[in-house]
Each structure stands twice: as C-alpha cells, then as structure tokens.
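For reference, the structure is listed below as structure tokens.
The values are calculated or read from the model by the stated rules, or taken from the named source; none is laboratory data. These numbers come from a predicted model, not from an experiment. Cβ: placed from backbone, ideal geometry, glycine included. Neighbour counts: every protein chain shown.
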Amino acid sequence: MTRASLTARSTAPCPLVSRADARRPARSPLRAVPARLHAAWQVWCRYRSMRRTAVALEGLSDESLKDIGLSRSQIEFAARTHDIGSFDDHTRRPY
C-alpha cells in the first residue's frame, strides 16, 4: 500500500463517528469513539473493578474482614446487588 492510499483510507467517514469528527484528526484514540460506546466501556471497567475487588475480598478470612470493618454477608449482598454473582453457587460472570 502506498502512503496516499493509507491516508485516503483513514480519512473516510466512519458510520460510528459524526462527520465533524471524521473531518478532523483525533487527538487520542478515545476521542474518535462515540459517547455511548465510551460510556459503555466505563461501565464495563467499573464492573470489572468491582468484580475483582469482590473476588479478592472473598479470599480473605473472616478475621481479616473484621479488621477492615466488613462482614462476609455485606460482600455477598454487594455482589448480588451489582449482579456480580453469588459466591455460594459459583455463578460469577467471567471477567
């Protein structure tokens, strides 16, 4: 491919990006992402972060949880509330 064909290809309008965004070069990769897709990505990142935290807290002993002021039932309630899955039946969603 020639440099001209790459340039022509990269400036072609994308159906996910508005015409105004397609005309000017993006400052960062996230700038070219539509707002809804970016919001969905942020929700997924928050979910993944909560999930990893819950899994890490699940592995702590009851004494350790008591030291930081949490109970196992609070963690399980948060997991059910945020649809992370139950710790008892191992129906957790994958990362």
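Structure summary
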item	result
In the range 63-95, residue surrounded by the most Cβ atoms within 10 Å (Cβ to Cβ) [restricted to those that are modelled with pLDDT under 80 and among the aromatic types (Phe, Trp, Tyr)]	Phe87
Counted residues, the range 29-55 - those being aliphatic (A, V, I, L, M) and modelled with pLDDT under 85	7
Number of positions in the range 51-67 that are in a helix (DSSP H, G or I) and out of contact with any helix residue (DSSP H, G or I) (no Cβ under 8 Å at 6 or more places or on another chain)	9
